[in-house]
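Readers should treat all values here as calculations from the given coordinates under stated rules, not as data from a laboratory. Note that the structure is a prediction, hence the values are computed from the model and not measured. All Cβ positions, glycine included, derive from the backbone under ideal geometry; neighbour counts span all protein chains shown.
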Amino acid sequence: MPLIEYMGLCLGHPEHGYYITRDPLGAAGDFITAPEISQMFGEVIGAWVAQVWHDIGAPAPFVLAELGPGRGTLMRDVLRAAGRLPGFAAAAGIWLVETSPALQQRQAETLTNTAVHWADDASALPPGPMILLANEFLDALPIRQFQRTDPVWRERQVALTGGKLGFVWGPPRAQPEVAARFPEVADGTIVELAAPAEAVAARLGARIAAQGGAALFIDYGAWDGTGDTLQAVAAHRHVDPLTTPGAADLTAHVRFRALAEAARPARAHGCVAQGVFLERLGITERARRLARGQSPELAANIAGAHRRLTHPAEMGNLFQVLALTREDAPVPPGFAP
Ligand code: SAH
């Protein structure tokens, strides 16, 4: 089967899919994400949301949505920070787009005392102005991989050979769409196409252009690039993507350029490095305030979390941030020096 089908089944199979069967986050799980590292992350994103809401004319009501909200931690911290703006909490209708029953349950536990709605897909969100967040969501959507063997391309497949799963390259084909996107790659180069992620960007871009609002995508990846970025992680370690289907997280780097192009006629801002983005939103000041008057041990934890989220050698450069707005909207916070 093509890699995209394998990845889709491993992550989303209705009975055995990785995200369907478990909460993968945290120290005892498989991986940790920025909102789980520190409340500072969600708080400065909350300030971003509040500013954007103000900039688009403080519509009431409006949709505040998140794609793939994990444990609900980011939304909880965003609401705490943005809720200080008068009128914000009453205006926000909160929507979580989540396919995993296990994680919906976690989200409900985190967001007690908050009226929350769930949807299976971004297409089910109610109409109107919307501010949407997605952290480490797009990297979990399946991709296709192709290898160039001039003048044709072969698509990566997963095959059963001798009782074991292995990668093989499919038959040579012309693949005009791949060739158009990667016109000048050398023979042997592997490239990736993320149609499901692009479909999300296209849907949101059209919606934002027509109905107003903004979207913020934070993920690991780069503006553009080639190469095999598929990886599998279990218990905080890299593992073989083929040995434990459905029991390891499978991800691929996000190519933000493809998202920006798919989102037209909305305007794309960035991508900018997560470290730069969070610094511009004031995370250093937030870290100082949180540490003030705390024990040396707690203060060191806060400094460590700040470093992990922003330092170029940690998550600061690997993670990139892209926003979508209407063509005529002001540049959102964090995207201009
Ligand atoms: N944003 C969270 C969790 C990231 S893990 C955080 O930063 O901690 C990826 C999330 O996307 C999980 O909540 C997973 O269940 C969800 N997810 C994966 N594929 C999905 C899909 N096709 N539709 C909706 N949610 C999906």
#### Entry: Angle between the chain longest axis and helix 73-82 axis [Cα atoms, degrees, rounded to 10]
30
#### Entry: Estimated distance in nm for a label pair at Ala186 and Glu285, the labels positioned 7 Å out from Cα along Cα-to-Cβ
4.8
### Task
Find which of Ala313, Gly162, Val178 sits farthest along the positive direction of the dipole of the chain, computed with +1 on the beta-carbon of Lys and Arg, -1 on that of Asp and Glu, about the Cα centre.
Ala313
### Query
Percent antiparallel among DSSP beta bridges with both residues in the chain, to the nearest 5?
60
### Ranked packing of 247-254, 142-149, most packed first, by mean Cβ within 10 Å
247-254, 142-149
### Task
Using a 10 Å cut-off on Cβ atoms, rank the peptides 318-331, 62-75 from the highest mean neighbour count down.
62-75, 318-331
## Note on the structure
Scalar couplings 3J(HN,Hα) for region 12-25 by Karplus 6.51 cos²θ - 1.76 cosθ + 1.60 (θ = phi - 60°), nearest whole Hz, x for Gly and Pro, are x, 3, x, 10, 10, x, 3, 6, 6, 9, 7, 9, x, 8
### Expected 222 nm ellipticity per residue - DSSP helices of 4 or more, -39500 (n - 2.57), all of the chain, to 500
-10500 deg cm²/dmol
### Query
Under a Cβ-Cβ cut-off of 12 Å, what is the net charge of the residues other than Ala260 that fall near it, where Lys and Arg count +1 and Asp and Glu count -1?
+1
### Query
By per-residue mean of other Cβ atoms within 10 Å, what is the highest-first order of 125-135, 188-198?
125-135, 188-198
### Task
Report, in degrees rounded to the nearest 10, the 0 to 90 angle that the Cα long axis of helix 296-310 makes with the longest principal axis of the chain.
50
### Message
Would you calculate the convex hull of the Cα atoms in region 124-188 and tell me its volume per residue in Å³?
### Response
187
